[in-house]
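Enquirer: Below is one structure. I have some questions about it.
The values are calculated or read from the model by the stated rules, or taken from the named source; none is laboratory data. Just so it is clear, the structure is predicted and the values come from calculations on it, not from any experiment. Positions of Cβ are backbone-derived with ideal geometry, glycine not excepted, and every protein chain shown enters the neighbour counts. All accessible areas refer to the heavy atoms of the entire protein, side chains included, with ligands and DNA or RNA removed. Shrake-Rupley method; radii C 1.70, N 1.55, O 1.52, S 1.80 Å.
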Amino acid sequence: MKTAISNGSATGRLIGVGVGPGDPELLTLKAFRLIKDAAVISYITNDRGLSQAKQIAREALQCAPKNQRHIEIVMPMSTDRTLANRAYDQGAQAIQAILESGNDVVFLCEGDPLFFGSFAYILARIKEKFTCQVVAGITSINAASAALMDPLTLQQETFTVVNGRQSDQLIEQALRHHDTVVIMKAGQARTRILALLKATNRYQDASYLEYIGRENERIVTDLDQLGIEAGPYFSLFIVCRHQRPFFT
Ligand SMILES: C[S@@+](CC[C@H](N)C(=O)[O-])C[C@H]1O[C@@H](n2cnc3c(N)ncnc32)[C@H](O)[C@@H]1O
């Protein structure tokens with residue numbers, strides 16, 4: 001298979017599968033098939049055992065064999081990279097043991113596996129030793145622009161993505177220099193982002209979306225409706241000003 005990086009051995013494969021941003025119907029056919037047929041799956045959970053990716057993939061998991069094995073990688077709620085790296089090390093070891101026994105492991109990833117995805121850290125620990133494959137998923141950005149029914153970019157327009165945890169200076173620079181800016185991980189930074197949107201005269205161009213495609217989806221196009229408190233982790237801003245009306 002062309003997308004697989006092969007080490008030429010008879011061990012199992014690690015397959016990172018994007019499950020999309022929330023709507024279970026935004027799983028690709030390929031993702032659905034791989035998840036339902038997998039003998040072993042793996043995913044990240046929080047310290048309460050909750051996994052967004054597993055929740056999104058629930059319909060495919062319901063079709064899986066009853067004895068499907070789950071490897072949970074518990075990620076501590078902390079910004080301490082040492083703790084995160086320890087969890088990735090332990091998770092990668094558990095996955096490697098399965099791969100060595102000749103079985104594949106399907107790793108569930110929210111959205112796309114390699115777009116701000118934790119899967120990158122598992123892949124980095126495994127890809128030199130085992131055959132790996134990545135199945136692209138629909139990102140939260142694609143789901144957001146579809147929900148707003150507004151093109152992300154057209155013709156000469158520029159587009160950039162920033163993390164809401166970046167400095168004011170970096171976010172402001174992005175807002176001043178690009179037609180479209182997506183600000184990910186907006187929850188904790190929401191109040192700061194609202195101030196930056198005003199300071200850069202981009203407030204009217206911005207929409208805020210949380211839990212896109214999930215039961216508690218919220219889309220706010222008039223930012224005056226947003227409270228000044230922090231928002232949830234699964235939230236983002238799309239800031240978009242087209243250079244000309246897009247029906248021309
Ligand atoms: C670790 S990143 C994962 C991104 C994901 N791999 C993707 O392809 O979209 C998590 C961030 O993605 C955004 N995000 C992911 N899913 C979302 C959703 N359903 N609604 C709103 N934002 C979402 C939020 O900004 C969140 O803080």
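Enquirer: Whether any residue in segment 213-229 is in contact (Cβ under 8 Å) with a residue 40 or more places away in the chain, outside any strand (DSSP E or B) and either in contact with a Gly (Cβ under 6 Å, 6 or more places away or on another chain) or assigned by TED's automatic domain parsing to the domain that holds GLY111 (or both) is what I want to check.
Expert: The answer is yes, given that some residue of segment 213-229 is in contact (Cβ under 8 Å) with a residue 40 or more places away in the chain, outside any strand (DSSP E or B) and either in contact with a Gly (Cβ under 6 Å, 6 or more places away or on another chain) or assigned by TED's automatic domain parsing to the domain that holds GLY111 (or both).
Enquirer: Follow-up question, since we're still on this one. Could you list, in sequence order, all residues of segment 187-212 that are part of a loop (DSSP other than H, G, I, E, B), more than 15 Å from ALA143 (Cβ to Cβ) and hydrophobic (A, V, I, L, M, F, W, C)?
Expert: Result: ALA189, single match.
Enquirer: One residue is enough: does segment 168-176 have a residue meeting the conditions basic (Lys, Arg), outside any loop (DSSP other than H, G, I, E, B) and either under 22 Å from the mean Cα position of the chain (by Cα) or at pLDDT 95 or above (or both)?
Expert: So far as segment 168-176 goes, yes, one or more of its residues are basic (Lys, Arg), outside any loop (DSSP other than H, G, I, E, B) and either under 22 Å from the mean Cα position of the chain (by Cα) or at pLDDT 95 or above (or both).
Enquirer: Before we move on, is GLY102 in a loop (DSSP other than H, G, I, E, B) and either closer than 20 Å to ARG214 by Cβ or modelled with pLDDT of 95 or more (or both)?
Expert: So GLY102 passes the test.
Enquirer: Continuing with this model, one more query. Every residue in segment 111-124 that is open to solvent by 60 Å² or more (accessible area, probe 1.4 Å) and assigned to a helix (DSSP H, G or I), please.
Expert: Correct list: TYR121, ALA124.
Enquirer: Of everything in segment 118-129, what is modelled with pLDDT of 95 or more and out of contact with any Ser or Thr (no Cβ under 9 Å at 6 or more places or on another chain)? Give them in sequence order.
Expert: PHE119, ALA120, TYR121, LEU123, ALA124, ARG125, ILE126, LYS127, GLU128 - these are the residues of segment 118-129 that are modelled with pLDDT of 95 or more and out of contact with any Ser or Thr (no Cβ under 9 Å at 6 or more places or on another chain).
Enquirer: Is it the case that some residue within segment 140-162 is touching a residue at least 60 places away in the same chain (Cβ under 8 Å), crowded, with 20+ Cβ neighbours inside 10 Å and assigned to a loop (DSSP other than H, G, I, E, B)?
Expert: Within segment 140-162 (the criterion being touching a residue at least 60 places away in the same chain (Cβ under 8 Å), crowded, with 20+ Cβ neighbours inside 10 Å and assigned to a loop (DSSP other than H, G, I, E, B)), the answer is no, since none of the residues qualifies.
Enquirer: The conditions are (1) assigned to a strand (DSSP E or B); (2) free of Cβ contacts under 8 Å to residues at least 12 places away in the same chain, and ARG244 fails exactly one of them. Which is it?
Expert: Of everything listed in (1) assigned to a strand (DSSP E or B); (2) free of Cβ contacts under 8 Å to residues at least 12 places away in the same chain, ARG244 misses just condition (1).
Enquirer: Tell me which residues, restricted to segment 30-50, are of a type in the set (Gly, Ala, Ser) and surrounded by fewer than 24 Cβ atoms within 10 Å (Cβ to Cβ).
Expert: Within segment 30-50, ALA39, GLY49 meet the criteria.
Enquirer: Moving on to the next point. State all residues of segment 124-147 that are of a type outside the set (Gly, Ala, Ser), out of contact with any strand residue (DSSP E or B) (no Cβ under 6 Å at 6 or more places or on another chain) and within 16 Å of the ligand (Cβ to nearest atom); if no residue qualifies, say none.
Expert: Once the filter is applied, which keeps residues that are of a type outside the set (Gly, Ala, Ser), out of contact with any strand residue (DSSP E or B) (no Cβ under 6 Å at 6 or more places or on another chain) and within 16 Å of the ligand (Cβ to nearest atom), segment 124-147 yields only ASN142.
Enquirer: Quick one: how many residues across segment 80-110 are closer than 23 Å to THR139 by Cβ and open to solvent by 50 Å² or more (accessible area, probe 1.4 Å)?
Expert: Within segment 80-110, residues that are closer than 23 Å to THR139 by Cβ and open to solvent by 50 Å² or more (accessible area, probe 1.4 Å) number 1.
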